[in-house]
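Working notes for the structure below.
Values quoted throughout were computed directly from the atomic coordinates according to the rules given, and no laboratory measurement underlies them. None of the values given here were measured: they were computed from a predicted structure. Because the Cβ atoms are built from the backbone with ideal geometry, glycine has one as well, and the counts that use them run over all protein chains shown.
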Amino acid sequence: MLEIFTCILQALCRNLIYSLFMDVSKILDPLNSAQRAGVCHASGHALVLAGAGSGKTRVLVHRIAWLIDAENTPPFSILAVTFTNKAAAEMRSRIESLLGIPASGMWVGTFHGIAHRLLRAHWQEAELPQNFQILDSDDQLRTLKRLIREMGLDDSQWPAKEAQWYINARKDEGVRAGQITLHRGQKDDLHLLQMIEIYKQYEALCQRSGMIDFAEMLLRAKELWQKRPDVLQHYRQRFQNILVDEFQDTNSIQYEWIKLLAGETGRVFAVGDDDQSIYGWRGARIENIHQYSRDFKPVEMYRLEQNYRSTANILNAANGLIANNTDRLGKELWTEDAEGELIQVYSAFNEIDEANYIVDNIQQRINEGYQRSECAILYRSNAQSRVLEESLIMASMPYRVYGGLRFFDRQEIRDVLAYLRLMTNRNDAPAFERIINTPTRGIGNKTLEVVRTTANQQNMTLWEAVLSVIENKMLTARALSALQAFIDLINEHAEIIQNLSLNEKIEHVVHHSGLEAYYEKEKGERGRARIENMQELIQAGVNFEAEDWQTEDENMDELSAFLSHAALEAGEGQADEWDDCVQLMTLHSAKGLEFKQVYICGVEEGLFPHRLSAEDPVRLEEERRLCYVGMTRAMENLSLSYAEKRRIYGEDNYPKPSRFLKEIPQQCLHQIRASRFAQPAVSSTTSRYTETPQTDNGMNISLGQRVLHPSFGEGMVMNYEGEGRHARVQINFEEVGSKWLVMEYANLSLA
Ligand code: ATP
Ligand code: MG
């Protein structure tokens, strides 16, 4: 009620200002004419289809300000979908700074954030318990592992990971276990039938324990529309303006959800770029862009062609690369910006050399006046970050990893949260499993097996099963007393924390759960870091703004809001978010962002394009789009690097440079060789060289040197060992890969 009143008051103020000045220059001045056309779009739906850095997100933000200021639309009627929570926060603040006043009542968030908000407000209609908990992907995997075991299946034959993919993919298509229709050939497919059974049992288990996973959030939110026309009608009337950023990455269910919400009267304003669709592997459907024009009529199409982000060199390189894709809608992109520096292509000796080169280069940029936060290192796989982090630590350079092991994913943080979760909802099975014996309290596997079997046989939650095991004295007195102590611990402290503030609740659990004492025993830096992280969590409780999570018709308590926040905050931000540190992230999580200096590392066949995608033309095009996304994050400088030798997942590899490097117009590139930074292969057991060996023609060989072989062509010296006639050299050839050669006969010359 208060919110509606504030909205009306704000609208009146705006009207007054507007009628006094009729001035919308703040909104329109910073736009070019194509962007202005989009922002001032008159009626019906709109699609802004344009390349990277052409101002799509800017148009979306200014469109919202335009709706509020020029069209007198109440913020209350606006719903905007962004790709990350961080983008949502930025969008809101940019809109408010354009308007000069707060735009309360507007909903801005990710699909998951918005679905979650709806489900909290309508938990009854969505057939959920009021205190339902969110299963993040790690919890989901554990739950499935346990379920598969309980179903008596061999988990080597039925990996939980596969079941997780299968279930999430069906949910993303909007299909429940009971709704799967089998084609004729599938009726005898035992594997598929078993998967469906796992899906079915998993659904039942989640429902019983009051838990929903990420995919479920979207599915429930869509089903809420379908099952409750009254609720849908309410939101249809409310959200007359629906705006979606990064539209190319919506999946089926998100698309359907928007369609249902828009109904006959809602106006949809979508912005996207088919060349940046990078989530096909997770169910995103690029076809939604085509489908949109058919489903939403009339649609006015806007194209933006000027890029404002990158230098001409970077843009030409990215345009040249993406031109190799066949399945494109086709867009022109140009810039008025200067040529800029050439793109550096660094051929590193190994991954350590690559990391050192990048850190060294960042230091140079900082000396030139860049902020650390204006430099980003992007990689294809999370596993690449460790070596980079080591180099950054050695150089004492602050950095932040997005999307890696995020704060809320750290072991000790998950432990504390699990205590809080179980105190909130005793049926939360993953939380139960996590802390039943952490810290150790003498509850062994045998005891747990009895509890799990009881739960399974009697269709109970684990918590209920413990109570039943105690009541029926199903174990030894010692085991029973250990279980009872756990039950008492949770019950007693749940009671105590009830009237404490959020941070006091967290603090209480840290001190009294035994976790603090447990981790204090862990030696060295690691133990200290864990204790510091727990302190940080208490601080997060102090800073947490529960209001951000409340809606006008929602009654979520502060702790539940905090726990939801922890589960939803997908690798995005922590307390030090705005500190000046180098930014590390996967290429996927760099979407929508921009940095003055970008390093893309590991540009190698097998890593990028990923070996699982290289053979499949459709997936290869998605990898190329991912490279395009990465390159177009750079504003002033771009560096691409590959290693001649890479140790990853515990194995040595000798990859070839990525095909993407060949596809970029060569005049945009400046090749740099490893020699300046080369160093011995630190971890290699074979690099016990004695003296610099000589080739048969008297040439001295050094690590990292480029050499030429009469039949194998050009390559780089990776290693050598032995002396005199026994000297051997390992060379990574561009065409044929790694080979050991006997120096005496190798017939090498300098490349
Ligand atoms: P992406 O495809 O990567 O999401 P985008 O199309 O959403 O990019 P924006 O992020 O909105 O592009 O804009 C890219 C950069 O260009 C931003 O720094 C933005 O502030 C700037 N920009 C956009 N339009 C203009 C303009 N008309 N004048 C000056 N700068 C602009
Ligand atoms: Mg954008």
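Counting other beta carbons within 10 Å of each Cβ, put Trp334, Trp158 in order, fewest first.
Trp334, Trp158
Once the piece of chain linking Asp138 and Ser711 is laid out straight, how much longer is it, given 0.36 nm per residue of separation minus the C-alpha distance between them?
Length gained between Asp138 and Ser711: 201.3 nm.
Assuming 0.36 nm per residue, please report the length gained on full extension of the stretch Glu520 to Gln671 beyond their Cα-Cα distance.
49.4 nm
Test of understanding: ordering Thr265, Thr632 by Cβ neighbours within 10 Å, fewest first, what list do you get?
Thr265, Thr632
Pairs Lys591/Lys656; Lys86/Lys591; Lys596/Lys656: which are spaced more than 23 Å apart, C-alpha to C-alpha?
Listed pairs above 23 Å: Lys591/Lys656; Lys596/Lys656.
Normalised by the residues of region 133-209, what does the relative contact order come to in percent, with Cα pairs under 8 Å and at least six apart?
Relative contact order comes out at 30 percent.
Please report the net charge: other residues with Cβ closer than 10 Å to the Cβ of Ala160, K and R +1, D and E -1.
+3
Is it possible to state the helix-based mean residue ellipticity at 222 nm for the chain, with each DSSP H run of 4+ residues giving -39500 (n - 2.57), the sum divided by total residues, to the nearest 500 deg cm²/dmol? What is it?
Helix contribution divided over all residues of the chain: -14000 deg cm²/dmol.
Which of the three applies to region 133-209, rounded, prolate or oblate, going by the alpha-carbon gyration tensor with a ≥ b ≥ c and a/c under 1.5 meaning rounded?
It is oblate, given that a/c is not under 1.5 and a/b is not larger than b/c.
Taking every DSSP beta bridge with both residues inside the chain, roughly what % is antiparallel (nearest 5)?
Expressed as a percentage, antiparallel bridges in the chain total about 30.
Hey, what did region 409-564 get for relative contact order, percent, Cα under 8 Å, at least 6 apart?
25
Give, as a single signed number, the net charge of other residues whose beta carbon lies under 13 Å from the beta carbon of Leu587, with Lys and Arg counted +1 and Asp and Glu -1.
Local net charge: +3.
Among Thr424, Met301, Gly737, flag the residue with its Cα farthest along the positive direction of the charge dipole of the chain, charges on Cβ as +1 for Lys/Arg and -1 for Asp/Glu.
Gly737
Tell me, what is the percent relative contact order of the chain, built from C-alpha pairs under 8 Å that lie six or more residues apart?
Relative contact order, the chain: 16 percent.
Restrict the search to region 231-299; then list the GluC sites (Glu not before Pro) that DSSP places in a loop and that have at most 11 other Cβ atoms within 10 Å of their Cβ.
Hits after loop and neighbour filter: Glu264.
Using the Cβ atoms and a cut-off under 11 Å, what net charge is assigned to the surroundings of Tyr199, where Lys and Arg are +1 and Asp and Glu are -1?
Once positives and negatives cancel, what remains is +2.
Expressed in nm to one decimal, what extension gain is obtained for the pair Lys473 and Ser293 from 0.36 nm per residue of sequence separation less their Cα-Cα distance?
Full-extension gain reported as 58.3 nm.
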